[in-house]
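Below is one structure, written out as structure tokens, with a few remarks after it.
Read-outs throughout are calculated quantities, based only on the coordinates presented, and are distinct from any laboratory measurement. Since the structure is predicted, the reported quantities are computational estimates derived from the model, not experimental observations. Positions of Cβ are generated from backbone atoms using ideal geometry, with glycine treated the same way; all protein chains shown enter the neighbour counts.
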Amino acid sequence: MDACSPKPQPPCDASPSGPDDVSVRRWFIAYAAVFAAACVVVVVLAGRQGQTLSAWTSDPIRAFTESTPIAKLAGFAGYLSLCCTFLPLPTGWAVAAVATRQAAVADNLMATMLLVAAAGAVGSTLANLNDYHLFTWLLRRRRIASVRDTSAHRAAARWFAKAPFAILVVFNLVPIPVDIVRMLATSCRYSRWPFAAANFIGRFLRYGVIAFVTYRWNLGWLAVVALLGLAIILGMLRLLSGMVRKLSARRQRNTLSQIKL
């Protein structure tokens, strides 16, 4: 293969047929083990500091603030791993809360940004993989799987198949209430490893921006506004590039027609 030729994309089928190779049960057993491990870390470290269950139930904010950085990051990642389409818990406030100077997961801006972004990206990637496996389970039902036969799904799948990895990164970077792309990746049976990698990269960048702005200026909402602005800019650039390609193709057709005449 030529070095300059584009790399082949992972499998992405607009209308897949036959059984999938996804083990939903095995995934959720593994996820439950990871989530339980995060809970154990929080409980053990809290116990070492002398924190009791009553302290967490009576004043959870104070208990969280007084816990160790590792316990905070483990609890943070565990919480974000629950925030999926089927359990739409808010994530922005949690990222901003952990990234504050009062939370003190690290003693400087760069370390705080990297730790919060990494822990949050791990948690959200697990949550998105939960979505992937739950959507897969639902699509095994013939009535739900029939959505693949609709013209709207075929058009969306063709668009997604052009650059699935990049699309997943962008949709995880910008704050979008309903992530249709995650559903498309599942319905097209996009490979789980690149799916997880794209989710991690996008969320790492998103949470890094929120953590930076929160720690630097204590304005987590400003990061959300900036990310929304980025989404609008990317959408406009996409629209403009499409218009330019269409105009260029039209000019080429007109030029060819004039030459033939």
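When you count the other C-beta atoms within 10 angstrom of each residue and take the mean per peptide, 31-44, 195-208, 130-143 line up highest first as 195-208, 130-143, 31-44. Ordered by the count of other Cβ atoms within 10 Å of each Cβ, fewest first, TRP159, TRP217 give TRP217, TRP159. The overall shape of the stretch 112-185 is oblate: from the C-alpha gyration tensor, with semi-axes ordered a ≥ b ≥ c, the ratio a/c is 1.5 or greater and a/b is no larger than b/c. Centre-to-centre separation between the Cα atoms of the stretch 126-143 and those of the stretch 186-211: 16 Å. Here's how it looks for CYS84: its modeled amide H is under 5 Å from those of LEU89, which are all 5 or more places away or on a different chain.
Each residue of the stretch 114-122 was assigned a 3J(HN,Hα) from its phi angle through the Karplus expression (A = 6.51, B = -1.76, C = 1.60, θ = phi - 60°), giving 5, 5, 5, 5, 5, 5, x, 5, 4 Hz with x at Gly and Pro.
Assuming charge only on the beta carbon of Lys and Arg (+1) and of Asp and Glu (-1), the dipole of the stretch 106-178 about its Cα centre is about 680 debye to the nearest 20.
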